[in-house]
Ligand SMILES: [Zn+2]
C-alpha cells in the first residue's frame with residue numbers, strides 16, 4: 001500500500017489556479033484515465049494553471065487503505081463520527097494522509113476553482129459560488145446540474161472547499177456504464193475550458 005500522491009502542474013504561472021482531483025473513491029478509477037490522457041497531450045499556451053491529482057486514493061475499493069471514505073474525512077463543521085462501514089469518516093476529521101495532503105495544498109494555494117471526478121450518477125453537483133460554472137460544465141459533459149445530491153455528505157471535499165472556503169467547487173458524477181474512452185473527448189474539452197478559457 002502507498003499513500004504517495006502525485007501532483008502534476010501544467011503551467012506554473014497561470015492567471016487562475018484550478019485543482020482537478022481524480023479517484024477520491026478507489027472504485028471510481030475513470031478520473032485517473034482522463035487526467036493521464038490529457039497530460040499526455042502536452043498542452044502548451046495555457047492561460048491558467050492546472051493542478052492535477054490523477055489518483056488521490058490508491059486503494060481499489062471506495063475507502064482508502066485505512067478503511068476511511070475520504071469524502072467524509074474533511075475537517076468541516078458538519079463532520080461526524082460515523083459507523084465503520086464504507087462511508088466511515090475516520091477516527092477524527094482529517095485523520096487520513098490523503099485528506100491532510102489536500103488540506104495542506106489548499107492552505108498554501110489560492111485556487112479559483114476545483115473539480116473532482118466521481119461515478120456513477122450522471123450529474124454535476126456544486127458547492128460554493130459555482131452555479132454558473134456548473135451550468136457550463138453541464139453543457140460540456142451533457143449531465144444535468146443538481147445542487148443537492150440527495151443525501152447528507154458530512155465531511156465532504158465539496159463542503160470543505162465550496163461551502164467553508166468559498167471556492168467554486170464542481171463534483172462530476174460520470175456515467176459508469178460508458179467506456180471511459182468514449183467520454184475522453186468531453187473531458188479533454190472540459191480540461192481545455194479550465195486551462196484556456198475559465
Ligand atoms: Zn465517489
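The values are calculated or read from the model by the stated rules, or taken from the named source; none is laboratory data. Note that the structure is a prediction, hence the values are computed from the model and not measured. Please note: Cβ atoms are built from the backbone with ideal geometry, for glycine as well, and neighbour counts cover all protein chains shown.
Overview of results
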| quantity | calculated |
| --- | --- |
| Criterion: part of a loop (DSSP other than H, G, I, E, B), within 14 Å of the ligand (Cβ to nearest atom), surrounded by fewer than 22 Cβ atoms within 10 Å (Cβ to Cβ) and in contact (Cβ under 8 Å) with a residue 24 or more places away in the chain - qualifying residue of 129, 120, 75, 93 | 120 |
| Whichever residue in the range 15-36 is more than 18 Å from residue 141 (Cβ to Cβ) and without any contact (Cβ under 8 Å) to a residue 40 or more places away in the chain and, among such residues, is farthest from the ligand (Cβ to nearest atom) | 15 |
| Selected residue (only one of 82, 40, 49 is more than 11 Å from the ligand (Cβ to nearest atom), out of contact with any helix residue (DSSP H, G or I) (no Cβ under 8 Å at 6 or more places or on another chain) and in contact (Cβ under 8 Å) with a residue 40 or more places away in the chain) | 49 |
| Output for the range 96-112, where each listed residue is under 17 Å from the mean Cα position of the chain (by Cα) and away from the ligand (no atom under 16 Å from the Cβ) | 97, 100, 101, 103, 104, 105, 106, 107, 109, 110, 111, 112 |
| Conditions (1) assigned to a helix (DSSP H, G or I); (2) within 23 Å of residue 42 (Cα to Cα); (3) in contact with a strand residue (DSSP E or B) (Cβ under 9 Å, 6 or more places away or on another chain): number failed by residue 106 | (2) |
| Subset of the range 7-28 [within 18 Å of residue 176 (Cα to Cα) and surrounded by fewer than 18 Cβ atoms within 10 Å (Cβ to Cβ)] | 27 |
| Every residue from the range 6-17 that is in a loop (DSSP other than H, G, I, E, B), in contact with a strand residue (DSSP E or B) (Cβ under 6 Å, 6 or more places away or on another chain) and farther than 15 Å from residue 44 by Cβ | 7 |
| Residue 68 within 14 Å of the ligand (Cβ to nearest atom), modelled with pLDDT of 95 or more, out of contact with any strand residue (DSSP E or B) (no Cβ under 9 Å at 6 or more places or on another chain) and farther than 13 Å from residue 192 by Cβ | yes |
| Condition broken by residue 1, with the remaining ones in (1) exposed (fewer than 15 other Cβ atoms within 10 Å of the Cβ); (2) assigned to a loop (DSSP other than H, G, I, E, B); (3) modelled with pLDDT of 95 or more satisfied | (3) |
| Subset tally (residues that are in contact with a strand residue (DSSP E or B) (Cβ under 7 Å, 6 or more places away or on another chain) and either in a helix (DSSP H, G or I) or over 21 Å from residue 10 (Cβ atoms) (or both)) for the range 153-190 | 9 |
| Verdict on residue 87 being under 19 Å from the mean Cα position of the chain (by Cα) and assigned to a strand (DSSP E or B) | no |
| Odd one out for residue 151, checked against (1) buried (at least 16 other Cβ atoms within 10 Å of the Cβ); (2) within 16 Å of the ligand (Cβ to nearest atom); (3) within 24 Å of residue 61 (Cβ to Cβ) | (1) |
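Residue-wise test of (1) touching a helix residue (DSSP H, G or I) at 6+ places or on another chain (Cβ under 9 Å); (2) closer than 20 Å to residue 37 by Cα.
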position	(1), (2)
149	yes, no
152	no, no
155	yes, no
160	yes, no
169	yes, no
174	yes, yes
182	no, yes
187	yes, yes
192	yes, yes
